[in-house]
1. Taking the Cβ of Ser295 as the centre, find all other residues whose Cβ is under 14 Å away and add up their charges (Lys, Arg: +1; Asp, Glu: -1).
2. Can you list the HN-Hα couplings for the stretch 349-361, worked out from phi with the Karplus curve (6.51, -1.76, 1.60; θ = phi - 60°), rounded to whole Hz and with x for Gly and Pro?
3. Evaluate the distance, in nm, between pseudo-label points positioned 7 Å from the Cα of Gln94 and of Gln389 along their respective Cα→Cβ axes.
4. In 5 Å bins starting at zero, report the fraction of Cα pairs in the stretch 380-425 per bin as a rounded %.
5. Pick out, from Leu325, Leu384, Pro351, the residue whose Cα sits farthest towards the positive end of the charge dipole of the stretch 312-397, with +1 on the Cβ of Lys and Arg and -1 on the Cβ of Asp and Glu.
6. List, in order, the whole-Hz ³J(HN,Hα) value for each residue of the stretch 139-153 obtained from phi through the Karplus relation with A = 6.51, B = -1.76, C = 1.60 and θ = phi - 60°; use x for Gly and Pro.
7. When we measure straight from the Cα of Lys328, which aspartates and glutamates land under 19 angstrom away, once same-chain ones fewer than 8 places off are left out?
8. Over every pair of different alpha-carbon atoms in the stretch 313-443, take the mean of 1/r and invert it; report that Kirkwood radius in Å.
Amino acid sequence: MTSTLPEKLASLLGNHGVVPANRLAEYSIDGLVPASVVQPTSREAIAEVLRWAAAEKLAVSPRGGGTQMSLGNTPSKLDLVMDLSKYHRLLDYQPADLTATVEAGITLEAFQRELAQGGNLASLEAPMADRATIGGILAANSSGPLRHSYGPARDWLIGISIVGPDGGETKAGGKVVKNVTGYDLNKLYTGSLGTLGVIVEATFKLAPFPTDSGALVAVFPSMQTAMDEARNLLAQIYSPQGVHIVNALTAEKLDLPFNVPTDGACVMAFCSGRSRAVQRRLEESATLLLERNASQVERLDEPSGAALLRRLTDLGWSAATTPQLSLKINVSPSLVPKAIAWHQNSGIDPPGILADAGFGSVRLFWWGEEALPISGVIEAIVRLRAIAQESGGSVVVEHCPLPAKAQVDVWGDTSVEVELMRRIKHAFDPLGTLNPGRFMGRL
């Protein structure tokens, strides 16, 4: 069947809907190359391919911009990749009602550009917004440096359309803000990594487009001091919309405008909104940080501040900053000061650190030119997870050498959640057609 798979798909979609064989390696997942790749341009084509694939017992992996393909376990089977990047129209936009509906393949950058014409903004963030698609952002539950203010993507999602593995369509929510009764399927599909259905359409509530933005960068003598001052800044009435702390290694990757001492750290604060309010927030925040003994405080107005925000959003995912190993620790915001030190005595070199003081996450990056020892990687993951679980937190592996990835579940030991997801997976995808092996518990 594999040898004739592209021909059968071409009969369904036409030759223009099937990616040439010499490009299949571009769609590999953890070294696995699919037998074929399709690029459907209509909902009917998506449904037809899924119906046929299920009948043939093929494994299908939905794909958007391919910006976060390292997230998830290695597929247990990969026959067909469904590239939705050509399914990318803006279907409906109501500027006065602050709602918009799009096809899943539209990129975040293109979506925001369309909304800006009507004076609005989607409160969504994702690495590499010029490639990240709306469907992929929802499937991976992506967020960014302003999530303390924005919240996760699902908080802005008011309607969704899904094509299931049998080709049947499911809709939840609608095109008005207050419309949800019964089970909120929007939240079920968001973050499911395409394992329950293929997201084909999404409707969002919007926000007014900010007229101004800016950022502050302040240097402190240690990570702990920086963390204390970041939390103090968040407690103020004029607190910024995002406050992050990085150590010297991460500051270097971000190309920050000063030299940070080896044991030092930077606090970065971001503001956006109406110009007068933004300028006041930046001014009062800078004054506070200087009073709290920051050795340097740099104010970045809109172009420079926006550029820093993009670099921070892309950190760990862009080609220039992709690490050998990256771990995301999820804890309550009050535990972030402790979590920044959990990596100590991990047995491998000290990592770059990025902590979100408001939302409650710490990302650890091991860049390094020399390959990390696989045993050391596994030991570090196991150790950090044990510490995090004692505090009610979790550790997700974002990047990992493949030999280590084969021996750990990137989502962690979530036995209760796995059993629940197993039942949901069986109900929504009984044949295991969609992304088998990629989600928690290798579902």
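Every read-out reported here was derived from the displayed coordinates using simple, explicitly stated rules and does not represent laboratory data. Nothing here was measured: the structure is a model prediction, and the numbers come from that model. FYI the Cβ positions are ideal-geometry reconstructions off the backbone, even for glycines, and counts take in every protein chain you see.
1. -3
2. Here the 3J(HN,Hα) series is 3, x, x, x, 10, 9, 10, 9, 5, x, 8, x, 8 Hz.
3. Going by the 7 Å Cα→Cβ label model, 4.7 nm.
4. P(r) over the stretch 380-425, rounded to whole percents: 5, 19, 27, 22, 18, 9, 1.
5. With unit charges placed on the Cβ atoms, the residue in question is Leu384.
6. Values, residue by residue: 4, 8, 6, 6, 8, x, x, 9, 5, 4, 8, 6, x, x, 4 Hz.
7. Glu125, Asp314, Asp349, Asp356, Glu379, Glu390, Glu398, Asp409, Asp413, Glu417
8. It works out to 15.7 Å.
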